[in-house]
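Contents: one structure, followed by commentary.
The values are calculated or read from the model by the stated rules, or taken from the named source; none is laboratory data. Computed from a prediction, not measured in an experiment: that's the story for all the values here. Glycine gets a Cβ as well: all are built from the backbone with ideal geometry, and neighbour counts include every protein chain shown.
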Amino acid sequence: MAKVVNAQIVKNLPWEDRKEGDFLPVWRYSKNPIIKRNVNRTVERTFNSGFVPFGDEFVGVFRGDTYTGIYKLFVGRSKDALNFTLEEEPIHFVDKNGNPLPDTRFSYDPRVVLLEGSYYIIFADYFADVTICIAKTDDFKTFTKLEYPFLPNCRNGALFPRKINGKYMILARPSDNASSLFGNIFISESYDMEYWGHHRLIARNNWANWNGVKCGGGPIPIETDEGWLVFTHGVLFNCNNLVYSMGAMLLDRDDPTKVLYNCENFLLTPQELYETTGHTPNVVFPTNVLVGENGKLAIYYGSADCYTCLAFSTVDIIIDYIKEHDCLSK
Ligand code: BMA
C-alpha cells in the first residue's frame, strides 16, 4: 500500500466507487461534466483549472473563456467540490510592492498549490509571448505576480508542494506560441523562486504512441512514500486531429529528476461526447487532484476545451498500473 505524504486530506471528497468488472485505472463521475457552459455573465466556458481546500470550502483559480473569446483567470468557490460559483470580475494582479499591474493579453490553465503556508498559482501568461507565470496569494483576494521563471515560450507549469533538498522544483513544457507539434517535460530548480536553473529533461514525447507529438505536466505532483506521483497529458497526432489523453509517471522522492516508472498506457482518453465534441475535440486535460482518505483521488480535467469534468481512482490503483505498464523497464 502506497502512502500519501504531506497532502491536505479532504474529508468530504466527492466519490463514486469503481463499477464491478471495470478494469480501467480511472473511472469517470457519472454526472460529468460538473461545470457546463454559460457559467456566468462573463465566462462562457471554464476548464483546465486548479483549486484547494480553504477554510470550510474549496477555493481556486479558474480559466474562464469569456464572451469576447479571451481567456482570463477568475476566482471560483465551492462547498462540495462539485458545484462551483465563479466571480464575474477577472483577477487583476499586483506587483511585489502591491502596485496594480496592467492586465496581460490572456492567461490560462492555472494550477494551485499550498506551499509554506501560501497559495501559489502557476499558469500560462502573456509576457511578450506565452510563458509560465507564478503568482502568490494568502486570501484569494490579492494576487501578487512573482518574476517569470522562464522566457517565452513555455507552458504547463506544475510547482512541487515543498522544497526538495533545499530547492523549489517545477515541471514545465517549453513550446511555441501555437498549438505546438512538439513538447517534452522538463524539471527546473530554484533556491528563491526567482532564479530558475539546473533544467533537466525528464520525459521526451513519444514514449508511447498516445504521446507521439507532445507530453506535459498536469496537476501538482502528489508525494507518496513510493515517489512523486505525476499525472501528465500526452498528445497523439493522427491523420486529421490532435488527441489529448491523461498519463502518469512516478518520480524519485528525493531526486525528482529521476523517473522511476513511466506508464506506457494512457489512464484516460477521450471517449464520452463531452470529451470528443467541443471547441477542441478529443481533449482530456488533467490539471487538479484532491486527495481523500485511504489514497482516494478526485481528478479534475478539462474536456474538449469546454467543460470541467471529474474522474476517480486511488493512489494504489494508479501506482500498481504504472508499474505494471512501465515502459522504462522494457
Ligand atoms: C494545450 C493548452 C490547453 C488546451 C489544449 C487542447 O496546448 O493550450 O489549454 O486545453 O492545448 O486544446
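Annotations for the structure displayed:
- Figure legend. Inter-residue proximity from segment 186-209: first residues among the aromatic types (Phe, Trp, Tyr), second residues at pLDDT below 95 and buried (at least 19 other Cβ atoms within 10 Å of the Cβ), beta-carbon distance below 8 Å, spacing 6+ or different chains. Indicated pairs: PHE186/PRO174.
- Candidate set from segment 228-251 (those that are β-branched (Val, Ile, Thr) and within 14 Å of GLY212 (Cα to Cα)); member that is nearest to the ligand (Cβ to nearest atom): VAL235
- Condition met for THR142 (within 16 Å of the ligand (Cβ to nearest atom) and of a type in the set (S, T, N, Q)): no
- Scope segment 217-263; condition farther than 30 Å from CYS306 by Cβ, in a loop (DSSP other than H, G, I, E, B) and not charged (D, E, K, R); matching residues: PRO256, THR257
- Segment 174-211: number of residues that are in a loop (DSSP other than H, G, I, E, B) and among the aliphatic types (A, V, I, L, M): 4
- Answer residue from segment 98-111, given it is within 16 Å of the ligand (Cβ to nearest atom) and in contact (Cβ under 8 Å) with a residue 24 or more places away in the chain and is surrounded by the fewest Cβ atoms within 10 Å (Cβ to Cβ) among those: ARG105
- Of the residues contained in segment 26-46, one or more are found to be assigned to a strand (DSSP E or B), more than 16 Å from the ligand (Cβ to nearest atom) and out of contact with any Phe, Trp or Tyr (no Cβ under 6 Å at 6 or more places or on another chain).
- Any hit, segment 34-43, residues being within 12 Å of GLY302 (Cα to Cα), in contact (Cβ under 8 Å) with a residue 40 or more places away in the chain, among the hydrophobic types (A, V, I, L, M, F, W, C) and touching a Leu at 6+ places or on another chain (Cβ under 7 Å): yes
- Residues that are surrounded by fewer than 22 Cβ atoms within 10 Å (Cβ to Cβ) and within 15 Å of the ligand (Cβ to nearest atom) within segment 112-129 comprise TYR126, ASP129, listed in sequence order.
- Here PHE285 does not qualify as in contact with a helix residue (DSSP H, G or I) (Cβ under 8 Å, 6 or more places away or on another chain) and of a type outside the set (S, T, N, Q).
- Within the set ASN177, ASN153, ASN165, the sole residue that is surrounded by fewer than 23 Cβ atoms within 10 Å (Cβ to Cβ), within 16 Å of the ligand (Cβ to nearest atom), more than 18 Å from ASN288 (Cβ to Cβ) and at pLDDT 95 or above turns out to be ASN153.
- Segment 183-198 - residue that is of a type outside the set (D, E, K, R) and loosely packed, with under 14 Cβ neighbours inside 10 Å and, of those, farthest from the ligand (Cβ to nearest atom): TYR191
- Leading residue by the ranking (farthest from ILE35 (Cα to Cα)) among those in segment 290-309 that are more than 16 Å from the ligand (Cβ to nearest atom) and within 13 Å of the chain's Cα centre (by Cα): LEU290
- Look at segment 216-245: where a residue is at pLDDT below 95 and a partner is within 16 Å of the ligand (Cβ to nearest atom) and of a type in the set (S, T, N, Q), sitting 6+ places away or on another chain with Cβ atoms under 7 Å, you get ASN241/ASN282.
- When segment 299-330 is filtered for residues that are surrounded by 21 or more Cβ atoms within 10 Å (Cβ to Cβ), in contact with a Ser or Thr (Cβ under 9 Å, 6 or more places away or on another chain) and either in a helix (DSSP H, G or I) or not aromatic (Phe, Trp, Tyr) (or both), the ones remaining, listed by number, are ILE299, GLY302, SER303, ALA304, CYS306, THR308, CYS309, VAL315, ILE319.
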